[in-house]
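Down below is the structure, laid out as structure tokens.
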Amino acid sequence: LQHCPLREYKPIDVRSMQQHLRAQSSDVVVAEFEQLVESYPDDPVAYTYAGEVLIWLGEYAKSEAYFKKAINAKYHTIWCWIGLGAARGLQGHFAEALEIFSEGQRVTDFEGPSVFVYRGEFHRRLQNYEEAQKDLNFAVQHKPQRLSAWINRVLLDCERGDEEPIENLAFAMKQKNPSLWCDAVTHANKLYSDAPRNKDIFEAMLDLMRG
């Protein structure tokens, strides 16, 4: 990668670097991306993918610097705004995250698919239920394989008084992914109580799915 401009290799190549996390330590992968951004300091793609790796690892505050550098690079990509908004929101700054998403959409005139899940969750946590429903409905319809979208959607229903969807998803998870369900129950016991409700278990599951 050091011998060719970043723009000459496809994003899938950078995505492949992210997948090194499957076989290498996180320190090794982070170091690879640090070398990448040093080699291509003006290209937002390098910063954006590096920041995404840090989000996966739960290093939300550390990831912010990468996304901010991508925003200030010589051309714009919506993904750096989505990444920065996600990083801020996952640290509890929900309203600020929504403002970042809006700014990214204004500058790029585009909404990336992952923004609907993040934005829907942050609206839900702010109790902006109508906005949350709109985003989460879009998320589950256009990318139904994204589990976090379904979890947030049934949590939204539960918070609005309808527990049937969360009961149905709990039954499906116990049948199709019992190991994740058991891990979430164990995690919920630590976070909430020794007798967690389905809502607690799914909140714990979201927590486990992050860094």
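The values are calculated or read from the model by the stated rules, or taken from the named source; none is laboratory data. Given the structure is predicted, the values throughout are model-derived calculations rather than measurements. No Cβ is skipped: glycine too gets one built from the backbone with ideal geometry, and neighbour counts run over all protein chains shown. With ligands, DNA and RNA removed, areas are computed over all heavy atoms of the protein, side chains included. Shrake-Rupley method; radii C 1.70, N 1.55, O 1.52, S 1.80 Å.
Give me the percent relative contact order of the chain, please, defined on Cα pairs under 8 angstrom at least 6 residues apart. Working shown, then result.
Details: 253 pairs, mean separation 25.3, N = 211.
The value is 12 percent.
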Query raised in the report: How about region 51-138: which trypsin sites (Lys or Arg not before Pro) there are in a DSSP loop, with at most 10 other Cβ atoms within 10 Å of their Cβ?
Result: 74
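Select from region 68-160 those chymotrypsin sites (Phe, Trp or Tyr not before Pro) which occupy a DSSP coil region and have at most 12 other Cβ atoms within 10 Å, ordered by residue number. Walk me through the numbers before you get to the answer.
Values: sites: 75, 79, 81, 94, 101, 110, 116, 118, 122, 129, 138, 150; in loops: 75, 110.
Loop-located and lightly packed - 75.
Of all the accessible heavy-atom surface of the chain, with the other protein chains kept in place and a 1.4 Å probe, what percent is carbon and sulfur? Display every interim value, and only then the final one.
Working: 5530 of 11400 Å².
Carbon and sulfur: 49 percent of the exposed surface of the chain.
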Query raised in the report: For the chain, modelled as a GNM with alpha-carbon contacts under 10 angstrom, which of 183, 135, 13 fluctuates the most?
Result: 13
Report summary line: The ³J(HN,Hα) series, computed from each phi in region 17-32 with the Karplus coefficients 6.51, -1.76 and 1.60 at θ = phi - 60°, rounded to the nearest Hz and given as x for glycine or proline, is 4, 4, 6, 4, 4, 5, 10, 10, 5, 4, 4, 5, 5, 4, 5, 4
**Report entry** residue 20 paired with residue 162, simple spin-label distance in nm, labels 7 Å along Cα-to-beta-carbon
**Finding:** 4.6 nm
Query raised in the report: Can you give the accessible area per residue of the chain, in Å², using a 1.4 Å probe?
Result: 54 Å²
Query raised in the report: Straight-line reach from residue 62: which aspartates and glutamates have Cα under 14 Å away, leaving out those fewer than 8 places along the same chain?
Result: 27, 34, 52
Query raised in the report: Bin by bin, in steps of 10 Å, what percent of the Cα pairs in the chain do you find, going until the bin that has the longest distance?
Result: 8, 30, 34, 20, 7, 1
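Taking N as the number of residues in region 44-135, what is its Cα Rg relative to 2.2 N^0.38 Å? It would help to have the intermediate numbers written out before the result.
Working: Rg = 12.3 Å, N = 92, 2.2 N^0.38 = 12.3 Å.
Dividing the Cα Rg of region 44-135 by 2.2 N^0.38 Å gives 1.00.
If eta is 1.567 mPa s and T is 4 °C, what Stokes-Einstein diffusion coefficient results for region 116-161, Kirkwood Rh from Cα pairs, in µm²/s?
Details: Rh = 9.8 Å.
Translational D for this selection: 132 µm²/s.
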Requested in this report: Work from the charge dipole of the chain (Cβ charges, +1 for Lys and Arg, -1 for Asp and Glu, about the Cα centre) and give the residue of 161, 202, 138 farthest towards its positive end.
Outcome: 138
Query raised in the report: Which aspartates and glutamates, on any chain, are close to residue 199 with Cα under 15 Å apart, when same-chain ones fewer than 8 places away are left out?
Result: 121, 157, 159, 162, 163, 164, 167, 183, 207
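Using only the Cα atoms of region 124-211, construct the convex hull and provide its projected area averaged over every direction, in square nanometres to one decimal. Kindly include the intermediate steps, with their values, before the conclusion.
Details: hull surface 23.4 nm².
Its Cα hull, projected and averaged over all orientations, spans 5.8 nm².
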